[in-house]
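Accompanying notes for the structure given below.
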Amino acid sequence: MANYKNIIVRSVGGDSVLSDKTAEAILKASDWTQIPNNGLTADCVAAFATYRASIRIIRKTNPSSPTWPDAPTEEWS
């Protein structure tokens with residue numbers, strides 16, 4: 001799993017990953033990538049939009065063992 005900033009939310013016992021909570025944390029941490037004039041290249045903003053759409057699907061379906069997409073590399077303009 002190579003998600004954004006290696007964010008993982010585990011259950012209280014730490015024995016399982018909470019995919020819906022992890023997805024929510026990734027979305028919150030990457031919100032800034034969709035703000036105008038954020039300093040990223042246009043291609044990078046588009047890559048993050050696609051990445052975030054994939055994360056939203058995981059959040060919505062809440063699978064027990066999701067396949068996390070690789071996070072885009074931040075490219076500065």
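Here residue 70 passes the criteria (1) part of a helix (DSSP H, G or I); (2) under 19 Å from residue 7 (Cα atoms) except the one numbered (1).
Filter the stretch 25-60 down to the residues that are of a type in the set (S, T, N, Q) and more than 15 Å from the chain's Cα centre (by Cα) and list them by number.
Selection gives 37, 38, 41.
Working only within the stretch 1-55, note down all residues that are outside any helix (DSSP H, G or I), under 14 Å from residue 66 (Cβ atoms) and either small (Gly, Ala, Ser) or modelled with pLDDT of 95 or more (or both). Residues satisfying the conditions are 2, 16.
So, in the stretch 51-74, exactly how many residues are surrounded by 12 or more Cβ atoms within 10 Å (Cβ to Cβ) and free of Cβ contacts under 8 Å to residues at least 24 places away in the same chain?
Result for the stretch 51-74: 2.
I'd like to know if the stretch 2-14 contains one or more residues that are within 11 Å of the chain's Cα centre (by Cα), exposed (fewer than 14 other Cβ atoms within 10 Å of the Cβ) and in contact (Cβ under 8 Å) with a residue 24 or more places away in the chain. Yes. The condition of being touching a strand residue (DSSP E or B) at 6+ places or on another chain (Cβ under 9 Å), in contact (Cβ under 8 Å) with a residue 24 or more places away in the chain and small (Gly, Ala, Ser) holds for only one of 30, 77, that being 77.
The values are calculated or read from the model by the stated rules, or taken from the named source; none is laboratory data. Just so it is clear, the model here is predicted, and its values are computed rather than measured. In this analysis, Cβ positions are derived from the backbone assuming ideal geometry, glycine residues included, and neighbour counts consider all displayed protein chains.
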